Amino acid sequence: MELWDVFKRRKMVRSFRQDAVPADSLDRVLASVLHAPSAGYTQGNEYLLIDDPDEVAWFWGAIDDPSDAMGPDDAALLAPVVVVPLAHKDAYLARYSQPDKQPYGLGDEEKWPVPFWYVDAGMASMCILMAAIEEGLGAWFFGFAHGEAEVMEHFGVPPQFRQAGAIALGYAADADPLSAGASSKKRARRGVDDLVHRNRW
Ligand SMILES: Cc1cc2nc3c(=O)[nH]c(=O)nc-3n(C[C@H](O)[C@H](O)[C@H](O)COP(=O)(O)O)c2cc1C
């Protein structure tokens, strides 16, 4: 697929068929993160893959906020696969304490103007979103706050890793009712001239 076609198709899909994603397809999507850039080539972030149907069902239940709980019709459209990108700050601090990076003085978290472990999680997430398109899959990057601690504990994620959102993957359902209230339906896409400040703000 042409790169610009991938960009044009790159829309969040929130409603999925329940068919399993073939293992080879999922493996290729996951392998896309190997091509993500990372600060200092730290490659410090890791990923939690949830594709066991019982575990996926548990995950969706754990993050469902009871104050805004999903109904059964919506729950039936949730993705069969979830990837949680895990930011690993300590790996970055260790990398930037190595001799070639030490002169930058970033061995201490306070010195980082930008937490690149989260930036890199976003870089890798975009690789996953784009690889999903190439594989004919739908994908949805989303944030979760409710149930975070339970999810980390349930899946045995070591405490030094922090979730940086999550990515739902699967085949798109014929219709996408779960995107009905999405921000992209309510807000117009801004233009290049609106966003880009050429040489001066
Ligand atoms: C960091 C980040 C967090 C997001 N969190 C959510 C979320 O919690 N729920 C959701 O439905 N969409 C979430 N989105 C998706 C955005 O709403 C979506 O990207 C935006 O509305 C543009 O739509 P599009 O990606 O379909 O073009 C998130 C996207 C990003 C990049």
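Derivation of every value follows stated rules applied to the coordinates shown; laboratory data play no part. Bear in mind that the values here come from a model prediction, so they are computed numbers and not experimental data. As a convention, Cβ positions derive from the backbone with ideal geometry for all residues, glycine included, and neighbour counts pool all protein chains shown.
A straight Cα-to-Cα reach below 18 Å connects residue 11 with the lysines 185, 186, residues fewer than 8 places away in its own chain not being considered. Axis angle, to the nearest 10 degrees, between helix 116-134 and the longest C-alpha principal axis of the chain: 40 degrees. Note on the chain: helix-only mean residue ellipticity at 222 nm, from DSSP H runs of 4+ residues weighted -39500 (n - 2.57) and normalised by residue number, equals -9500 deg cm²/dmol. With Cα atoms defining each centre, segment 155-180 and segment 84-128 are spaced 23 Å apart in the structure. With neighbour counts taken as other beta-carbon atoms within 10 Å, the residues 4, 117 rank, fewest first, as 4, 117. Compared with the dominant Cα axis of the chain, that is its longest principal axis, helix 53-63 is turned about 70°.
Hey, quick one: spin label on residue 10, modelled 7 Å out along Cα-Cβ, who in segment 30-52 has an amide N within reach, i.e. under 20 Å? Hits in segment 30-52 for residue 10 at 20 Å: 30-39.
Sorted on the mean count of surrounding Cβ atoms within 10 Å across their residues, most packed first, peptides 56-63, 107-114 read 56-63, 107-114.
Who wins for biggest fluctuation among 97, 125, 67 in a Gaussian network model of the chain, springs between alpha carbons below 10 Å? Answer for the Gaussian network model of the chain: 67.
Scaled to the globular estimate 2.2 N^0.38 Å, the Cα spread of segment 98-144, given as radius of gyration, is 1.67.
FRET efficiency for the pair residue 68 and residue 154, taken as 1/(1 + (r/R0)^6) with r the Cβ-Cβ distance and R0 = 25 Å, rounds to 0.70.
Take the Cα of residue 175, step 7 Å toward its Cβ, do the same at residue 20, and the gap between the two points is 3.0 nm. Fewest-first ordering of 126, 1 by other beta carbons within 10 Å of each residue's beta carbon gives 1, 126. Computed over the alpha carbons of the chain, Rg followed by Dmax gives 18.5, 56 Å. Once the gyration tensor of the Cα atoms in segment 124-188 is diagonalised, the equivalent ellipsoid follows with semi-axes of 25, 16, 12 Å, ordered largest first. Note on segment 1-69: Kirkwood hydrodynamic radius from all Cα pairs is 15.5 Å, rounded to one decimal.
Summary value for the chain: 35 percent relative contact order, contacts being C-alpha pairs under 8 angstrom separated by 6+ residues.
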